[in-house]
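A quick write-up on the structure given underneath.
The values are calculated or read from the model by the stated rules, or taken from the named source; none is laboratory data. Quantities reported herein were computed from a predicted structural model and do not represent experimental measurements. Backbone-built Cβ (ideal geometry, glycine too); neighbour counts: all protein chains shown.
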């Protein structure tokens, strides 16, 4: 197999490596942002759960006030029983006392029900606290891992670029502009291997004459997609 084919294959692999490292570098901030947004969502849910507890406690407070108010009213009515001027007045006062006692019984049941809801809501709050803390720690961990890897990724990118600049010496001056345009448009996809009889980029069959030229070491562009071609079985 020709030296040209092996050189192009090596160049393609360098571009693929550069693309992979760039993706890692770009993915880091995206992962951090995703984790931070997720943590914010957990905080919002925590705030919602905390607000629910606050509202339930306000309801209990109000019902306790109503209960105490009714108890004071009942105590006052019981005092009036002794001063009732007639049986009719006595019965009216007694009926008011029974109605307020029934209302208090309902209030007590409602307060107990609300207290159970508060217990459940506070348990949910603790669950969201844990989830929020975990999400924050995950975001912090991802950020730290990315910062630790950033320098090595930057160094690897520079190494790839230097190696690519050296490997691109195989590209003749008369097609450098065309090749540079391919790189700008397709990045690591500027080159494509010929697997069997087909271009790996567009899966179109390569004409026999072009395959002969490839085998002889000539530089050939795919007539369908324009990629610079090399034989897949070329040796690096």
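Summary of values
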item	result
Breaking point among (1) at pLDDT 95 or above; (2) not in a helix (DSSP H, G or I), for residue 45	(2)
Residue check, residue 84 assigned by TED's automatic domain parsing to the domain that holds residue 131, touching a helix residue (DSSP H, G or I) at 6+ places or on another chain (Cβ under 9 Å) and outside any helix (DSSP H, G or I)	yes
Search result, residues across the range 178-197 that are under 17 Å from residue 220 (Cβ atoms) and surrounded by fewer than 16 Cβ atoms within 10 Å (Cβ to Cβ)	178, 181, 195, 196, 197
Verdict on residue 155 being in contact (Cβ under 8 Å) with a residue 24 or more places away in the chain and either outside any helix (DSSP H, G or I) or out of contact with any helix residue (DSSP H, G or I) (no Cβ under 6 Å at 6 or more places or on another chain) (or both)	no
Residue that is surrounded by 14 or more Cβ atoms within 10 Å (Cβ to Cβ), within 19 Å of residue 4 (Cβ to Cβ), in contact with a helix residue (DSSP H, G or I) (Cβ under 8 Å, 6 or more places away or on another chain) and outside the structural domain of residue 22 (by TED's automatic domain parsing), where the choices are 227, 211	227
Residue within the range 123-139 that is exposed (fewer than 13 other Cβ atoms within 10 Å of the Cβ), modelled with pLDDT of 95 or more, more than 30 Å from residue 32 (Cβ to Cβ) and within 32 Å of the chain's Cα centre (by Cα) present	yes
Any hit, the range 53-75, residues being in contact with a helix residue (DSSP H, G or I) (Cβ under 8 Å, 6 or more places away or on another chain), assigned to a helix (DSSP H, G or I) and more than 30 Å from residue 101 (Cβ to Cβ)	yes
Count - residues of the range 193-213 that are at pLDDT below 90 and within 21 Å of residue 15 (Cα to Cα)	1
